[in-house]
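For reference, the structure is listed below as structure tokens.
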There are 2 protein chains.
Amino acid sequence: MNVGPNISIIAGLVGDPARARMLGALMAGKALTASELAAIAGVALPTASAHLAKLTDGGLLTSVKQGRHRYFTLSGADVADVLESLMSLAERTLGEPVKTGPRDPRLRAARICYDHLAGDMAVALFDSFQKRALIEESRAAMRLTESGEAFFRDFGLDMDAVMAARRPACRPCLDWSARRSHLAGGLGKAILDRFLSKTWATRDHGGRAVSFTPEGLRQYRLLTGSV
Amino acid sequence: MNVGPNISIIAGLVGDPARARMLGALMAGKALTASELAAIAGVALPTASAHLAKLTDGGLLTSVKQGRHRYFTLSGADVADVLESLMSLAERTLGEPVKTGPRDPRLRAARICYDHLAGDMAVALFDSFQKRALIEESRAAMRLTESGEAFFRDFGLDMDAVMAARRPACRPCLDWSARRSHLAGGLGKAILDRFLSKTWATRDHGGRAVSFTPEGLRQYRLLTGSV
DNA sequence: TTCATAGTTTGATCATGAACGAAGCATTGG
DNA sequence: CCAATGCTTCGTTCATGATCAAACTATGAA
């Protein structure tokens, strides 16, 4: 069972602090340039370039060239999932409840997990959706119910696009801070996109934390069905 | 968001090939001594000792001294979960469908994931349990139903112990090879224990692969309800 | 064209940490 | 008590890889 080599390559990539900082920044879902990532990682540009090449080689990142910039993103939601689960494990094994900066409570409340919402508010949404049978578990996979599709269409989501996409609409994603599932997949993305495009919610200065406007909170409560 | 340091410490631990081999071996759920792990990792004893100290410091392993031996185990099922998800990611990003040794098909069919069954057979069980409403998803957590409790008690499991334990009876665990959930938690462990103690199933020479006797296969089909 | 910006490559430096032999504890068995 | 086994500690060697300055390439702007 030569399982070692495979996982140690990936883990080794994440194992460098500078690279881990880059990956952490990319979990916000936005594409970032090499220079930006260098600044975030706290290393010089050549160093960052080398790191980014390794991450890309290892399949964790993909990049697109635009003019003289090169934009990097995580190669998929599964990368973000693994990073979140690593955080969850780190929180338990290292004992310390995550480097608890001043903005940490807000991170726990609502943050971006690659392309969908995470945090307590996202977990509450997931629970509510299930309780109201808008989504359901079937054969070890999540499924959107008919009433769910109607509800979300009503809310303003482009459900045709969500249903037509190759990627599954519903997928549970383990929440780092709450240790419970929240909603990933096309539907999770559609919901986040809606909130961002309507500016009902905004990212905090490029980080992962998310702030809701009063109207955003109203819409959120609408989603939870608590009004 | 100083998320980097935390995860890079853990990932760095897994990132060393020798340590990754040790962790992989421990995913079989059995406690192993330092010497055994040294042999598996392919390093000398002093080297292994240093690795094990680091893994223990990092909270990934726990150890108990028994006489002049020291037995190491994964510190929890969450460690195994992360390792499985790393394998899953490695399989996608590195392109190669896992170092495919001769025994690989058997690994995919049935293997041990720390303390419960994984692989196609385990995924089939999970599906079947859900279809027959022996377990159900409720509020983002798995729950054992009443009929499920009766069924498993009938099958011969010590359900009193399972229900009394602090650890949740049902927990989904993402399957590395099938990319679908199988059953972890107290119930998952109880099922595996039953098969092992009755010698309906045996580990293959200390590895993770699992073999079923004819009687074991009969019992398995009983569980799936396909008879 | 010339300049400026973004990124890569090269080459050299340097620190980390993986490796093991030898010696040191600790526990068991005779 | 002594010997043998299992593991840890110590000290040394060595390879890897992270780092950055400087030179180079590529794109866009003036």
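Some observations on this one:
- Most fluctuating residue given options A:12, A:67, A:207, as computed from a GNM of chain A linking Cα atoms under 10 Å: A:67
- Comment: the Cα-to-Cβ extended label point of residue A:35, at 7 Å, lies 6.1 nm from its counterparts in the other copies, nearest first.
- Legend: residues in segment B:6-45 shielded by at least 50 square angstrom of accessible surface upon adding the remaining protein chains to the isolated chain (1.4 Å probe, heavy atoms) are B:6, B:7, B:8, B:10, B:11.
- Distance from segment B:6-53 to segment A:74-92 (C-alpha centre basis), Å: 21
- Ratio of Rg to Rh for chain A: 0.98 [Cα atoms; Kirkwood radius as inverse mean 1/r over pairs].
- Degrees separating the helix A:17-26 axis from the principal Cα axis of chain A, which is the longest one: 30
- Inter-copy spacing of residue A:105 label points, which lie 7 Å from Cα along Cα→Cβ, given in nm from shortest upward: 5.9
- Estimated vicinal HN-Hα couplings, Hz - segment A:188-196 in sequence order (Karplus 6.51, -1.76, 1.60; Gly, Pro = x): x, 5, 4, 5, 4, 4, 4, 5, 6
- Sorting A:23-35, B:30-42 by average packing, meaning the other beta carbons within 10 Å per residue, from highest down gives A:23-35, B:30-42.
- The charge dipole of chain A, taken about its Cα centre with unit charges on the Cβ atoms of Lys, Arg (+1), Asp and Glu (-1) only, comes to about 340 debye.
- Rounded to the nearest whole angstrom, the semi-axes of the ellipsoid equivalent to segment A:3-75, taken from the Cα gyration tensor as √(5λ), stand at 20, 13, 11, largest first.
- Chain B packed on chain A takes about 4500 Å² of accessible surface away from a 1.4 Å probe, both sides summed.
- Mean sequence separation of contacting Cα pairs (under 8 Å, at least six apart), scaled by the length of segment B:3-75, corresponds to a relative contact order of 31 percent.
- Heavy-atom accessible area per residue - segment A:3-75, 1.4 Å, Å²: 42
- For residue B:221, the point set 7 Å out from Cα toward Cβ sits 5.8 nm from its twins in the other copies, listed from shortest up.
The values are calculated or read from the model by the stated rules, or taken from the named source; none is laboratory data. Source: prediction; values computed, not measured. Methodologically, a virtual Cβ is constructed for each residue, glycine included, from the backbone with ideal geometry; neighbour enumeration extends over all protein chains shown. Only protein heavy atoms, including side chains, enter the accessible area calculation; ligands, DNA and RNA are left aside. Shrake-Rupley method; radii C 1.70, N 1.55, O 1.52, S 1.80 Å.
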